[in-house]
Amino acid sequence: MSRLAVDQAGPVTSVQDGGRFGAQRYGLPPSGAMDRPALAAANVLAGNAALAAAIEIGPLGARFSVCEGALRIAVAGATRDITAAGRRLPMQTTTLLSAGDSLSLGAARNGMFSYLAIAGGIIGAPVFGSLSVNARAGLGSPFARPLQAGDVLTLTEAAPLAQERRL
């Protein structure tokens, strides 16, 4: 198991996946990622299913730190500056982070939303088949609200990759 701490997050940074479908007849919207192709790109790079849960980062950026274990991450979507462990990272590539490393994603430049996919995935209890946050309905997991400083996400251990991936 690995853990990722939220050090800073904009007001619309949350856990999102492909959404929850089939409950619209009860008045429950599908929720899910605002940019499904970007979610899929980040997840495929990380070695996850295309619409698996990832962290959707809004226009203001976010900062994280790896508390425990190692993580393989990928970021896709709106262009932003990314630094990890003191080095600048390109968009749409996988990167390995170790315990103690920090990850900073700057403000979006071309678009609104980016996706931070973590190989192996985010651990949570699906609500109507999805981890996606719908704050108005109080749904989502592991938090039924946008992420806040101090939150810690527990992550599934990822299978090793033979080599880093790039789009």
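Listed values, structure above:
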item	result
Tally of residues being free of Cβ contacts under 8 Å to residues at least 40 places away in the same chain and either surrounded by 19 or more Cβ atoms within 10 Å (Cβ to Cβ) or touching a His at 6+ places or on another chain (Cβ under 8 Å) (or both) across the stretch 66-85	3
Matching option when the condition is open to solvent by 30 Å² or more (accessible area, probe 1.4 Å), assigned to a strand (DSSP E or B), more than 16 Å from M112 (Cα to Cα) and without any contact (Cβ under 8 Å) to a residue 12 or more places away in the chain, among R3, R88, R63, R25	R88
Residue match in the stretch 131-139 (condition: touching a strand residue (DSSP E or B) at 6+ places or on another chain (Cβ under 8 Å), at pLDDT below 95 and buried (at least 19 other Cβ atoms within 10 Å of the Cβ))	yes
Residue identified as within 23 Å of A144 (Cα to Cα), open to solvent by 20 Å² or more (accessible area, probe 1.4 Å) and not in a strand (DSSP E or B) among A50, A38, A99, A108	A50
Residue in the stretch 76-84 that is hydrophobic (A, V, I, L, M, F, W, C), closer than 12 Å to A42 by Cα and assigned to a strand (DSSP E or B) present	yes
Of all residues in the stretch 6-22 being of a type outside the set (G, A, S) and not in a loop (DSSP other than H, G, I, E, B), the one that is most open to solvent (accessible area, probe 1.4 Å)	Q8
Every pair of residues 6+ apart whose Cβ atoms lie under 6 Å, when the first sits in the stretch 98-120 and is of a type outside the set (S, T, N, Q) while the second is surrounded by fewer than 19 Cβ atoms within 10 Å (Cβ to Cβ) and at pLDDT below 95	A99/E68; D101/A85; G120/T156; G120/E157
Residue match in the stretch 71-79 (condition: modelled with pLDDT of 95 or more, closer than 14 Å to G10 by Cβ and among the hydroxyl-bearing types (S, T, Y))	no
Conditions (1) modelled with pLDDT of 95 or more; (2) open to solvent by less than 30 Å² (accessible area, probe 1.4 Å): number failed by F113	(2)
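The values are calculated or read from the model by the stated rules, or taken from the named source; none is laboratory data. Fair warning: this is a prediction, and the values are worked out from it, not measured in the lab. Cβ sites come from the backbone with ideal geometry, for glycine too, and all protein chains shown count toward neighbours. Note: accessible area is taken over every heavy atom of the protein model, side chains too, but ligands, DNA and RNA are not part of it. Shrake-Rupley method; radii C 1.70, N 1.55, O 1.52, S 1.80 Å.
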